[in-house]
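The values are calculated or read from the model by the stated rules, or taken from the named source; none is laboratory data. Please read all numbers here as calculations on a predicted model, not as lab measurements. FYI the Cβ positions are ideal-geometry reconstructions off the backbone, even for glycines, and counts take in every protein chain you see. Just so you know, the surface numbers come from the protein's heavy atoms only, side chains and all, with ligands and any DNA or RNA stripped out. Shrake-Rupley method; radii C 1.70, N 1.55, O 1.52, S 1.80 Å.
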Amino acid sequence: MSLKTENLQVWFGNQSILNCINLEFPNKNISAIMGPSGCGKTTLLKTLNRTLELEPGYRYTGRVMLSGKNIYAEKNVATVRRRIGLIFQTPVALPLSIKENVLFGVRYYGERNKAKLEEINEQCLKQAGLWKEVKDRLAQPARELSGGQIQRLSIARVLAVNPEILLLDEPCSNLDPSSTKMIEDLLHALANQLTIILVTHNLFQAKRVAHNTIFMMDGQIIESGETKRLFNHPEKQQTYDFISGLTW
Amino acid sequence: MSLKTENLQVWFGNQSILNCINLEFPNKNISAIMGPSGCGKTTLLKTLNRTLELEPGYRYTGRVMLSGKNIYAEKNVATVRRRIGLIFQTPVALPLSIKENVLFGVRYYGERNKAKLEEINEQCLKQAGLWKEVKDRLAQPARELSGGQIQRLSIARVLAVNPEILLLDEPCSNLDPSSTKMIEDLLHALANQLTIILVTHNLFQAKRVAHNTIFMMDGQIIESGETKRLFNHPEKQQTYDFISGLTW
Amino acid sequence: GCGQSEPAKSEPARQESTAQSIKIGGSSTLAPVIAKCADDFTEEYKTWNKVDPKLPEEPIVIFVSTGGSGFGVKSAIDGTVDIGLVSREVKDTEKGKMPNGKIIKMGSDALTIAVNPKNPVIQVKPDLTNDEVKRIFAGEIKTWQELDAKLPARPVVLAIRDLGGGASQVFDELVMKKTPIAKEALQLPSMGALAGKVAENADAIGYVSFGLVKQNQGKISVLSVDGVTPTTESIASGQYKIARPLLLVTKEQPNERQQLFIDYLLSKKGLKVVEDMGFIPPAK
Amino acid sequence: MKLRLMLDFFWLAIFWAAGLLLLVVLFGILGYLFYQGHTSLTQDFFFSSPRGLPLGAEGGIFPAIQGTLFLVVIAVFTAVLPGLATAIYLAEYAGKSKVNTVINLTIQCMAGIPSIVTGLFGYALFVVKMGFGISLLAGGLSLAIMIFPVIVVTARDALQAVNRDYRWVGISLGVSRRYLLSRVILPQAAPSILGGLLLAMGYAAGATAPIMVTAAVIATPSAGNLFEPVMALPYHLYILFSQQISLEKAYGTALVLVLLLLTLNVIALWFKNLKSKGA
Amino acid sequence: MLNKKSFHLSTGTFCLVIACCATLLLLSLLVYMTLVSWPVWFSPGPWGFLTGTDWNPLAAPPQLGIGTMILSTLWTALGAVILATPIGLCCAIFLAEYAPSWLAQLLRPVLNVLTGIPSVVYGFLGAAVLVKYFEITFNMASGESLFCASLVLTVMVLPYIVSASESALRAIPLKYRQTSLALGVSKPYFTLRVLIPLARNGLLGALILAFGRASGETMAVLMLAGNTMVLPSSWFSKGEPLSALIALELGTSEVGSLHYQSLFAAGLVLLLFVLSINLFFTWFRRDRRNEVGKP
Ligand SMILES: Nc1ncnc2c1ncn2[C@@H]1O[C@H](COP(=O)(O)OP(=O)(O)OP(=O)(O)O)[C@@H](O)[C@H]1O
Ligand SMILES: Nc1ncnc2c1ncn2[C@@H]1O[C@H](COP(=O)(O)OP(=O)(O)OP(=O)(O)O)[C@@H](O)[C@H]1O
Ligand SMILES: [Mg+2]
Ligand SMILES: [Mg+2]
Ligand SMILES: O=P([O-])([O-])[O-]
C-alpha cells in the first residue's frame, strides 16, 4: 500500500510542529526518519495513523493518502488505525497474558473462533521472532517479559490485526545490541509484505536497514532520498552537520 | 584543584551502581564522561560533590580526594558542595528574578555589600555569556528565559559561589545547535580557571571539547585517556562498539 | 488570642466566668421554656444592675442547652451547668450527690398518649386502659388492628425518648413497670422531636408532653387513659396518673444572680411563659 | 462488529450518565436548598438573635454565625502551627526514614478518626478532665484535633509539589535547607497551603459531632468568652430540625452554612489559580 | 557558618518534636479511651459487650451489648459503599477518560463542594426530603431506615470514591492508552480490558477508604437511621449505628458511671474499626506501588 502526505501541517496550540510535509513512502520498502530531538518525528508518525487525535490541542491541515484515499476523510478512525499499525518508542505490555496481548485487537474485531485465534497467535508470534521464547508460557502475564521481548510482542500485537503499513518509533532505543539485531532482522523479513516507516536516532541503524532515509529538522523535511546517497552525498549543509554529529 | 577517586563503589539498596572507580581528573582540563544510558554517569557526578547523600538508600565505599583531602571525611558538607559545583541535566530556574538566581548562593554565604553583589552578578553573567541578553531585565522572573539561557544562568549561578571544580551533566542535551555552540565556547573559556568534568552522550561534543575522555559501562570504567587517542585507537572492544554506534 | 489554653490557668478563669454568666441545661421539655424566659429576661434588663442596683453594670449572659433530664442532673452534679433542668423526680442517689443543692419546682407536666389526628383510633377507641398502653409500648400489639378489629392493619410506630430523657424514665416507672419497651421503638433525641414525629406520622403513637400537645394544637391528638383525659385540671388534681414535675436543680445554694433569675422564673412573668407553653404552673 | 459497536455505545452512555449524575446531585442539592431557604435570607435573619416560641421559631441566627466563626478561628489558630511544622518535617526533613513512615501513617489514621470519637475525646479531656466545661475553648480544641491532619496533608502535598529540581539546585550550591525553604519552597507552596487551610476551615465550620457535646448550646446572647459555650450554625440547624422548631429557619440556616462553604471553596480555587498562573 | 548549621538543625528538630507530639496525640487518644472504658472489658467482657444485643445501661443489672449497633454500622456503611461503587467508578472513568476538559474542570470543584457540604446538612436534607419521600411513595409506616442512611451516605462518600479512583486511573501511564487505541480498538473496550485491570488496586483502595469514612459518619446516620434498638434484619429495617449511639447518649451519661464507660468502649470499638480499615488501606496501597514498579 502506498502512503503519501500532501502539504501536511500540524500545530499544538499555536505552536507549529510540522510544516508543509510532502512525502511519499514507497510500497514494501523501509523508510527511516531521522532528525534531532524534538523535530517532530514522533508527531509525524502519530499523524500518519491518526493517533495524533488523542493529543489535546492539536490542529492540522493537509492530507494523508492511503492508496489514494485521505485517511482523515474516513469516518471510522479505528479502521484507519488498524490498517496503519504504530509501535511506540517505549514497549508496552498490556496487563494481560502474553497470548491475550497478541489477540487484544483481534478479539475486538469480533473473531470468536478458538482455533482461528490460536492460529493467529502462533503465526504472529513466529513472525515477530518471539514464538520460541514464549510458547511454553503463553498464559503468563506479559509484563514478566524483558524489554526486548516486549518490543517484539508489540510488533506481534500489531501484526495480528493485519496492518498494511507499519510505523515504528525508535524501536531499539532501549534495547541491548543483540535485541537490536533481532528487531532489525525482523524488519528486513517484514519488508516483503509491508510498507515500513521507522523513526531512529541511530545513524548506523538507518544505514543498515532503510532503503530510503528522510532527514527532518524543526518540523520540516530537509532532505530525503535513497539511504546511501543521503549519507554519502548529502545535498544540504544541515544534513551534513547532522550526520557528522554537529547537531544532535 | 585536582580531583581523584580511589576505589569508589556505590550501591542503591542492594544494587551495585558504581564499581571500583579509580579516576584522576587533571587540573584545569576538561574531562568528558561517556557511556550508555543508565551506566551510572549521573551517579558518578553526584558522588563527586556529595549530592548523592540526598538519595535515599545509597551506600558507598572508597574515597574522593580534593587536593589530597577526602571530601567524605569533611564535616561541613555545604562547603564541599560549594567548592565542587554541579549543574544538572535539566536547566532549572529558581522562582526568583534573574539577578536573584545568580546571587542565590552568594547571599546565603553572607555577602551583604550591595556594590559587591552587583559586581558578582555582572561578572558571572558575563562569564556565562548571558550578560548581553539579560542586562536590561535583571529583575524579571528567570523562568521567562529560554532553555539555553536558563542553562547558562545555572552556570552563572554556580560560578557565583566560586567553585574550584565544575561538574556538568549533559548540559546540551536539550539545546539547539547555536546554544550548544555557546556553551561549548564557554567551557573552553572556563577551562583556564577551573577543572571541568562533563557528562555527554554526544560523541562529537566529547571530541570537540574534552582533553580527556572516560568511557563507562555498567558502572565500570572501561577505558579512559586522551580524547584523540581514545576515539582513534580504542583499546577495548566495548569502546569500539560504542563509538561506532553499535551500543547506544 | 487562644494562647492561654493551659489547664492550670483555666480554673480561676472559669470560676470568674461562671460567676458572670449562668449556664442552664437539661430536659428538652423544659429547655425551650427556660430559653424563652432567659431571652425575655435579658431583653428586659440587659445588665445586672437594672435587676438589682447592688450588682455591677454587666451584661446578663444566660446559656441554655438541651440534652434531656439525665443531662440536666448529671451536669448539675459535675458542675458543667449551674442550673439543671429535670422533668422527672430526682432520684435519691442523685440527691445524695448534691447535699447542699436546691430543687425548685417550675410546674407540672404529663405524658399524654398521643397519636396523629389522622389516626382512626381517635374515633374508634379514644380510651385505652393502662394495660393496653403498656402492651402497645412493650411491642405486644404490633398493628393497630390488633388493638381493635375496626382499625386498619397498619403497623404501630412507637416513638419514645432516648435513655437520657426524663420522659422515658417517668414512663418506665408509671406505665411500663419493668416491662421493657419494644426494641422497635424509634428513639428521638428530644421531646420536640418526639412531638414532631407523632404530628407527621399517621401510624405513630408516643408519650408526648402535655405542653407540646398544647403547642401543637390540631397536629397531635390525645387518647385518654383509664377513662381520664389529660387536662390542666385532671393533671393538677392528680387524677391523670402519668404526670411528672418540672424541676430546676442546683448543686450548691444558688448565688445571687442565679437566685435573681430563679426568682424571675417563679415570678408571674416566668410562670406565664410556663403556662403559655402549655404546662401547668405550680400550685400557689 | 455490530454487537461491538452497540456495546461501545452502551458503555459510553453509562459513563456519561454517571458523570452528569454528579452535576445533577450537586445542583439538585444547592438548588433545592436555595429554593427552600432563600426566603429566610433577610437582613434580620443574619443580624438578630433567635426569638419566638419555642426559641428559634422566629428571629435570626446571628449568635450561631458568631459562634461558628469563633470556633473556626480557634481551631485554625491552634492547628495551623503544629500542622505546618509537621508538614515541613515530613516534606523537608524526614526523607524516607522510619520516622516519616510512622508519622505519615499516624496522620492518615488521624484523618480517619470518626468525628464523634473526636467529640468523645474532647469531651472527656477538655470538658471533664481539664475542666473547661462546655465551652468555646473545648469545642475549638476538639475541632483543632479534627482539622489537624487535613492541614498536615494539604501542606505536605503542597510542599512536595514544589519542583524537586529546586531542591537539587539549592543543595548542590551548598545552601542550607532552611534557606532554601524560606526563599524558594515556602513562597512557592504558599497559595496551595492557604487553599488547604480554607478547606480545613470549611470542614471545621460544618462539623457538628465534635461540638455537640463540647461547645454548643441552644441559646446564648453572645459569644466570645473562651470559657463559655456558644451557639453554632450546624448544631443550630440540627436543633431547629430535630426539635421541629421551624423547618423554614432550618432551610435558611442550612443555606447559610452551604453558602459559607461555597465561598471558602471559591476562594481556595482562586488561590489555586493564582498559583498555576504564578508557576 | 556554625550557628547557621545549628539553626538548621534546630528547625528540623523543632518540627520533629511537634510532629512527634502529634503522633503521640493519637496514641494518647487510644490509651485514654482504653483507660476510661477499662471496667467494661471486665464486667460484660469483650465478647459479651461486642455481641450482646441488649443495651440498657441504666437497668438494675445494666445490660451492655453493642452487637446491634455494630451490625447497624456495618449495614449502613457497607450499603453506602455498595451503592456508591458502581456510580463512583463510572464517574471516575468518565472524568479520567471521557469528559471534555471543560466539563472535567467543572466537575472537579463540584466534587470538592460535595465533600465539603457538612454532614448535618446532608442529614437534614435526607430527613426532610428522602424520609418523607419514602413514607409517601412506599407507604411506609416511618421512612427512616438503614437504607435511607446508606443512600445519603452514598452521596457523601461518592466524592471520595470518585477522586481517589480518578487519581488511580490517571496514574496509569499514557502509553497504555496510546498503544491500545493505536491498534484500532474503541475507547470503552480499552477502558474495560486494560484500564480497569491496571487500576484495580487503586480502585479497591478508594473503596476501602470510602468504607472507613462511611463507618464513622455521625450526623447523617443519627438523623436517618431511625435509632431503634432492634437487631437489624435487613437493609430496610431501622437501627442505631455506633456513632449515633454515642452522639445520642454521651450528654446524659454521668461521668464515671458504667454508662459513660461503656459509651467510651463503644467509641473505642468504632475507632479501632476505622483505624484498622485505614491501616489496611495503607498496606494495600503500598502493595500496589510495588506492582506498578515493574514495567
Ligand atoms: N501533546 C503535545 N502538546 C504540545 N506540544 C507537543 C506535544 N507533543 C509534542 N509536542 C512538541 O512537538 C515537538 C515535536 O515533538 P516530537 O515528539 O514529535 O519530537 P521527536 O522528533 O519525536 O523528538 P524525540 O527524538 O525527542 O522523540 C516538540 O517540540 C514537542 O515539545
Ligand atoms: N535514587 C536511585 N535509587 C535507585 N537506583 C537509582 C537511583 N538513581 C539512579 N539509580 C540507578 O542507577 C543506575 C545509574 O543511573 P544514572 O542516573 O547514574 O545513569 P546515567 O548514566 O546518568 O544514565 P542517563 O544517560 O540515562 O542519564 C540506573 O540503573 C538507575 O536506575
Ligand atoms: Mg519521539
Ligand atoms: Mg544521567
Ligand atoms: O424532657 P426530657 O428529659 O424528656 O428531654
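Conditions tested, residue by residue: (1) within 14 Å of chain D (Cβ to nearest Cβ); (2) in contact with a helix residue (DSSP H, G or I) (Cβ under 7 Å, 6 or more places away or on another chain); (3) at pLDDT 85 or above; (4) surrounded by 15 or more Cβ atoms within 10 Å (Cβ to Cβ).
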| site | (1), (2), (3), (4) |
| --- | --- |
| E:GLY12 | yes, yes, no, yes |
| E:CYS15 | yes, yes, no, yes |
| E:CYS20 | yes, no, yes, yes |
| E:SER28 | yes, no, yes, no |
| E:GLY45 | no, no, no, no |
| E:GLY52 | no, yes, no, yes |
| E:LEU58 | no, yes, no, yes |
| E:PRO61 | no, no, no, no |
| E:THR73 | yes, yes, yes, yes |
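Sort out which residues of segment D:81-98 are over 18 Å from the mean Cα position of the chain (by Cα), within 7 Å of another protein chain (Cβ to nearest Cβ) and open to solvent by 30 Å² or more (accessible area, probe 1.4 Å), and write them in order of number.
D:TYR93, D:GLY95, D:LYS96
All but one of (1) more than 12 Å from ligand 1 (Cβ to nearest atom); (2) open to solvent by 10 Å² or more (accessible area, probe 1.4 Å) hold for A:ARG59, so report the exception by its number.
(1)
Taking helices (runs of 4 or more DSSP H) that fall entirely within segment A:136-248, which contain at least 1 residues that are under 22 Å from A:ASN49 (Cβ atoms) and open to solvent by less than 30 Å² (accessible area, probe 1.4 Å)?
Counting at least 1 such residues, we get A:147-160, A:177-190, A:203-209.
Can you find even one residue in segment B:4-16 that is within 21 Å of D:TYR179 (Cα to Cα), more than 13 Å from the chain's Cα centre (by Cα) and among the acidic types (Asp, Glu)?
no
Could you please let me know if E:ALA214 is within 11 Å of another protein chain (Cβ to nearest Cβ), at pLDDT 90 or above and surrounded by 23 or more Cβ atoms within 10 Å (Cβ to Cβ)?
Yes.
May I ask you to list the residues in segment E:230-247 that are surrounded by fewer than 24 Cβ atoms within 10 Å (Cβ to Cβ) and facing another protein chain (nearest Cβ under 8 Å)?
Across segment E:230-247, the qualifying residues are E:VAL230, E:LEU231.
List the pairs whose first member sits in segment C:89-118 and is in contact (Cβ under 8 Å) with a residue 12 or more places away in the chain, whose second member is surrounded by fewer than 17 Cβ atoms within 10 Å (Cβ to Cβ) and of a type in the set (Asp, Glu), and whose Cβ atoms are under 7 Å apart, counting only residues at least 6 apart or on separate chains?
As it stands, the answer is C:ASN100/C:GLU252; C:GLY101/C:GLU252, since those pairs meet every condition given.
Filter segment C:83-106 down to residues that are surrounded by 24 or more Cβ atoms within 10 Å (Cβ to Cβ) and not basic (Lys, Arg) and give me whichever is nearest to the chain's Cα centre (by Cα).
C:SER87
For segment E:103-122, which residues satisfy the criterion of being more than 8 Å from chain D (Cβ to nearest Cβ) and farther than 22 Å from D:GLY195 by Cα?
The answer is E:TYR122, and nothing else.
Quick one: D:TYR166 ticks every box in (1) open to solvent by less than 10 Å² (accessible area, probe 1.4 Å); (2) closer than 30 Å to B:ILE155 by Cα; (3) facing another protein chain (nearest Cβ under 9 Å) except a single one, so which number is it?
If we test D:TYR166 against (1) open to solvent by less than 10 Å² (accessible area, probe 1.4 Å); (2) closer than 30 Å to B:ILE155 by Cα; (3) facing another protein chain (nearest Cβ under 9 Å), just (1) comes out false.
Yes or no, residue by residue, for (1) modelled with pLDDT of 90 or more; (2) away from chain E (no Cβ under 11 Å); (3) in a helix (DSSP H, G or I):
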{"residue": "D:ILE211", "(1), (2), (3)": "yes, no, yes"}
{"residue": "D:GLY224", "(1), (2), (3)": "no, yes, no"}
{"residue": "D:TYR235", "(1), (2), (3)": "yes, no, yes"}
{"residue": "D:PHE241", "(1), (2), (3)": "no, no, yes"}
{"residue": "D:TYR251", "(1), (2), (3)": "yes, no, yes"}
{"residue": "D:LYS272", "(1), (2), (3)": "no, no, yes"}
{"residue": "D:SER276", "(1), (2), (3)": "no, yes, yes"}
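Considering only residues that are under 23 Å from the mean Cα position of the chain (by Cα) and within 8 Å of chain E (Cβ to nearest Cβ), look in segment D:1-29 and name the one that is surrounded by the fewest Cβ atoms within 10 Å (Cβ to Cβ).
D:LEU23
Looking at segment A:79-91, can you tell me whether even one residue there is out of contact with any Gly (no Cβ under 7 Å at 6 or more places or on another chain), more than 23 Å from A:GLU170 (Cβ to Cβ), surrounded by fewer than 17 Cβ atoms within 10 Å (Cβ to Cβ) and not acidic (Asp, Glu)?
Scanning segment A:79-91, I find no residue that is out of contact with any Gly (no Cβ under 7 Å at 6 or more places or on another chain), more than 23 Å from A:GLU170 (Cβ to Cβ), surrounded by fewer than 17 Cβ atoms within 10 Å (Cβ to Cβ) and not acidic (Asp, Glu), so the answer is no.
For segment E:129-198, give me every one of the helices (runs of 4 or more DSSP H) that falls completely inside it and has 3 or more residues that are more than 10 Å from chain A (Cβ to nearest Cβ). Spell out the reasoning first.
Numbers: elements: E:131-137, E:146-170, E:174-182, E:187-190.
Here the list reads E:131-137, E:146-170.
Restricting the search to segment C:147-160, which residues are surrounded by fewer than 21 Cβ atoms within 10 Å (Cβ to Cβ) and either more than 9 Å from chain E (Cβ to nearest Cβ) or within 16 Å of ligand 2 (Cβ to nearest atom) (or both)?
Within segment C:147-160, C:LEU147, C:ASP148, C:ALA149, C:LYS150, C:LEU151, C:PRO152, C:ALA153 meet the criteria.
Identify, by number, the condition in (1) outside any helix (DSSP H, G or I); (2) crowded, with 23+ Cβ neighbours inside 10 Å that D:ILE107 doesn't meet.
Of everything listed in (1) outside any helix (DSSP H, G or I); (2) crowded, with 23+ Cβ neighbours inside 10 Å, D:ILE107 misses just condition (1).
Got a sec? Which of A:MET34, A:MET65 is surrounded by 14 or more Cβ atoms within 10 Å (Cβ to Cβ), hydrophobic (A, V, I, L, M, F, W, C) and either within 16 Å of ligand 3 (Cβ to nearest atom) or within 13 Å of chain E (Cβ to nearest Cβ) (or both)?
Unique residue meeting the criteria: A:MET34.
Here are some residues: E:ILE93, E:ILE117. Which one is in contact (Cβ under 8 Å) with a residue 40 or more places away in the chain and among the β-branched types (Val, Ile, Thr)?
Going through E:ILE93, E:ILE117 in turn, the sole match is E:ILE93.
Name the one entry in C:VAL273, C:VAL225 that is open to solvent by less than 30 Å² (accessible area, probe 1.4 Å) and within 14 Å of another protein chain (Cβ to nearest Cβ).
C:VAL273
For E:THR282, are the conditions met, namely being out of contact with any Gly (no Cβ under 6 Å at 6 or more places or on another chain), within 12 Å of chain C (Cβ to nearest Cβ) and open to solvent by less than 20 Å² (accessible area, probe 1.4 Å)?
Taking the combined requirement at face value, the residue does not satisfy it.
If a residue has to be aliphatic (A, V, I, L, M) and part of a helix (DSSP H, G or I) to count, how many in segment C:200-251 make the cut?
The total comes to 4.
Since D:PHE70 meets every condition but one in (1) touching a strand residue (DSSP E or B) at 6+ places or on another chain (Cβ under 9 Å); (2) open to solvent by less than 10 Å² (accessible area, probe 1.4 Å); (3) modelled with pLDDT of 90 or more, which condition does it not meet?
Condition not satisfied by D:PHE70: (2).
Look at D:VAL175 and say whether it is open to solvent by less than 30 Å² (accessible area, probe 1.4 Å), away from chain E (no Cβ under 11 Å) and under 30 Å from B:ASN49 (Cβ atoms). First the steps, then the outcome.
Values: open to solvent by less than 30 Å² (accessible area, probe 1.4 Å): yes; away from chain E (no Cβ under 11 Å): no; under 30 Å from B:ASN49 (Cβ atoms): yes.
No; evaluated as a whole, the condition is false for this residue.
Exactly one of (1) more than 10 Å from chain E (Cβ to nearest Cβ); (2) over 30 Å from B:GLY13 (Cα atoms); (3) open to solvent by 10 Å² or more (accessible area, probe 1.4 Å) is unmet by D:VAL128. Its number?
Just one mismatch for D:VAL128, condition (1).
Looking at (1) within 16 Å of ligand 2 (Cβ to nearest atom); (2) in contact with a His (Cβ under 8 Å, 6 or more places away or on another chain), which one does A:VAL209 not meet, given that it meets all the others?
The number of the failed condition is (1).
Suppose we filter C:LEU174, C:LEU163 for residues that are within 16 Å of ligand 5 (Cβ to nearest atom) and either under 29 Å from E:MET223 (Cβ atoms) or crowded, with 24+ Cβ neighbours inside 10 Å (or both); which single one remains?
It is C:LEU163.
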